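**Student:** Quick one: the structure is below, and I'll ask about it shortly.
Coordinate-derived values only; no laboratory data. Computed from a predicted model, the values in this text were never measured in an experiment. Here the Cβ positions follow ideal geometry from the backbone for every residue, glycine too, while neighbour counts run over all protein chains shown.
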Amino acid sequence: MTEPIRVLICEDQELVRTGYVTIFSAQPDMTVVGEAADGREAVEAARRLHPDVIVMDIRMPVLDGIKATRQLAGPGTGTPIKILVVTTFNVDEYAYEALRAGASGFLLKDTPPAQLVDGIRTIARGESLLAPAVTRELIGHFAERLRPTDTSRPARDTIVQALTHRELEVLQHIAAGLSNAEIAANLVISPETVKTYVSRILTKLDLRDRVQAVVLAYRTGLVPTTD
């Protein structure tokens, strides 16, 4: 029998936190191993409890979710923990920074419970989760920050050389915020084939997930930003 997904909840609002506990505990393949009311508690609990996924709020007292995420999943982290950021803020600098800090996914608090649960399962499998609409809005909002520089060309050339023509097409579709199903429809291939291409892209470019792929594609100019 497969071990249940161990979930740690980090949310400063007790009512919301209780709601998460109720939802996740009702799932046969999940167990809530702990709760935290601020980022510092989350870091301490994560290191003690070793959860599979952390559901992380962004704006919290003591230590915010961005800093907590960076400590648990950021660059240089020995064993990064999978983190799902759930917040009331959509196109928001905090959300963007949390993803850059190492979060594996981003959802809004008004996301239906079933989708939230599926999001945890997705991240637990080692996949990233970033709603296509959120991808498009984040990229549009932070286009200037992601604009390629003069030093981007060598990196862009390296990517072009590393990927096949089809893989490059898939990467550009990912960066445009399309889901696997949408990519499959556009390229007239199956969703399973898209998954295979995505896996190859991440391996070849040494990327952890789709979030990193999106940022890389824009920063190297593979996909133009819009003003």
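**Student:** Residue by residue through region 21-44, note down the ones that are surrounded by 15 or more Cβ atoms within 10 Å (Cβ to Cβ) and either touching a residue at least 60 places away in the same chain (Cβ under 8 Å) or part of a loop (DSSP other than H, G, I, E, B) (or both).
**Tutor:** Correct list: I23, F24, Q27, M30, A37, D38.
**Student:** Shifting gears a bit: Exactly one condition in (1) of a type in the set (V, I, T); (2) part of a loop (DSSP other than H, G, I, E, B); (3) touching a Lys or Arg at 6+ places or on another chain (Cβ under 6 Å) is false for I9; which is it?
**Tutor:** (2)
**Student:** Ok, one more. Residue by residue through region 1-20, note down the ones that are closer than 18 Å to I123 by Cβ, in contact (Cβ under 8 Å) with a residue 24 or more places away in the chain and not aromatic (F, W, Y).
**Tutor:** Answer for region 1-20, where residues must be closer than 18 Å to I123 by Cβ, in contact (Cβ under 8 Å) with a residue 24 or more places away in the chain and not aromatic (F, W, Y): T2, P4, I5, R6, V7, L8, I9, C10, E11.
**Student:** Sticking with this one: Given (1) basic (K, R); (2) touching a residue at least 24 places away in the same chain (Cβ under 8 Å); (3) surrounded by fewer than 15 Cβ atoms within 10 Å (Cβ to Cβ), identify the lone condition not met by R48.
**Tutor:** Of (1) basic (K, R); (2) touching a residue at least 24 places away in the same chain (Cβ under 8 Å); (3) surrounded by fewer than 15 Cβ atoms within 10 Å (Cβ to Cβ), only one is false for R48: (2).
**Student:** Then there is this: Take the residues in region 197-227 that are of a type in the set (S, T, Y) and over 19 Å from the mean Cα position of the chain (by Cα), then tell me which one is farthest from R125 (Cα to Cα).
**Tutor:** Across region 197-227, the extreme among qualifying residues is T226.
**Student:** Moving to a separate point now. Determine if region 88-107 includes at least one residue that is closer than 15 Å to V211 by Cβ, small (G, A, S) and in a helix (DSSP H, G or I).
**Tutor:** Scanning region 88-107, I find at least one residue that is closer than 15 Å to V211 by Cβ, small (G, A, S) and in a helix (DSSP H, G or I), so the answer is yes.
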